[in-house]
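Working notes, beginning with the structure itself.
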Amino acid sequence: MNLQLVLATDENISSIQSMADEIWRDHYPEIIGMEQVEYMLGRFYSREGMLQQMRDGQQFYRVMLDGQPKGFLAIEARGEGNYFLNKLYIDTREQGRGLGQAIWQNLLLLLSDLREMRLQVNRQNYKAINFYFKVGFVIERVADFDIGDGYFMNDFVMLYRR
């Protein structure tokens, strides 16, 4: 498996937007409903929204498998050895083939100083929760986040310690 995590620049935003659009529309409507999917895509994956996230410290990486984009992730340093995994999305057609494990191993190599990583995951996203359990995350707490316009993210905050 020839997998690479390639740091994204503003030139890669449209590629990430295309992947997000396809992955979110395929995976999330049954979890949060199509209205909230559309709201979140518009808020977090507009060009300006993504540029702002980059300015705020998120580093986006495209997941490249044999030279083809198969997903993306975004991480943010939150102090020495402390990170937040803002995004980890894999093309739904590629799931269940070990790609998530390979991405995780590559990410651990990339973040050699990693001591702790947190993330938020929707409490109904069982596939993702089980994956995070498998790679060593535990549920730290339950939290609801108001994201505006009457929408909430009803999440688990999960923690990984190296």
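The values are calculated or read from the model by the stated rules, or taken from the named source; none is laboratory data. Worth saying up front: this structure is predicted, and the values here are computed from it rather than measured. A quick note on method: Cβ atoms are made from the backbone with ideal geometry, for glycine too, and the neighbour counts reach across all protein chains shown.
Are any residues in the range 1-18 under 17 Å from LEU107 (Cβ atoms) and either at pLDDT 95 or above or in a strand (DSSP E or B) (or both), and if so, which ones? Across the range 1-18, the qualifying residues are LEU3, GLN4, LEU5, VAL6, LEU7, ALA8, ILE16.
The listed residues are ARG93, ARG62, ARG118, and the only one of them that is closer than 17 Å to TRP24 by Cβ, under 16 Å from the mean Cα position of the chain (by Cα) and either of a type outside the set (Asp, Glu) or in a strand (DSSP E or B) (or both) turns out to be ARG62. Pairs are defined by a Cβ separation below 7 Å, a sequence spacing of at least 6 or placement on different chains, a first member in the range 113-136 that is touching a residue at least 60 places away in the same chain (Cβ under 8 Å), and a second member that is of a type in the set (Val, Ile, Thr) and surrounded by 14 or more Cβ atoms within 10 Å (Cβ to Cβ); the pairs so defined are ASN122/ILE31; ASN122/ILE32; GLN124/ILE31; ASN125/ILE31. Looking only at the range 130-162, residues that are assigned to a strand (DSSP E or B) and farther than 18 Å from LEU107 by Cβ come to 17 in all.
Exactly one of these conditions fails for GLU76: (1) without any contact (Cβ under 8 Å) to a residue 24 or more places away in the chain; (2) part of a helix (DSSP H, G or I). Give me its number. With respect to (1) without any contact (Cβ under 8 Å) to a residue 24 or more places away in the chain; (2) part of a helix (DSSP H, G or I), GLU76 is out only on (2). Against the definition (of a type in the set (Asp, Glu), free of Cβ contacts under 8 Å to residues at least 40 places away in the same chain and under 20 Å from TRP24 (Cβ atoms)), how does ASP155 come out, yes or no? Yes: the conditions hold for ASP155.
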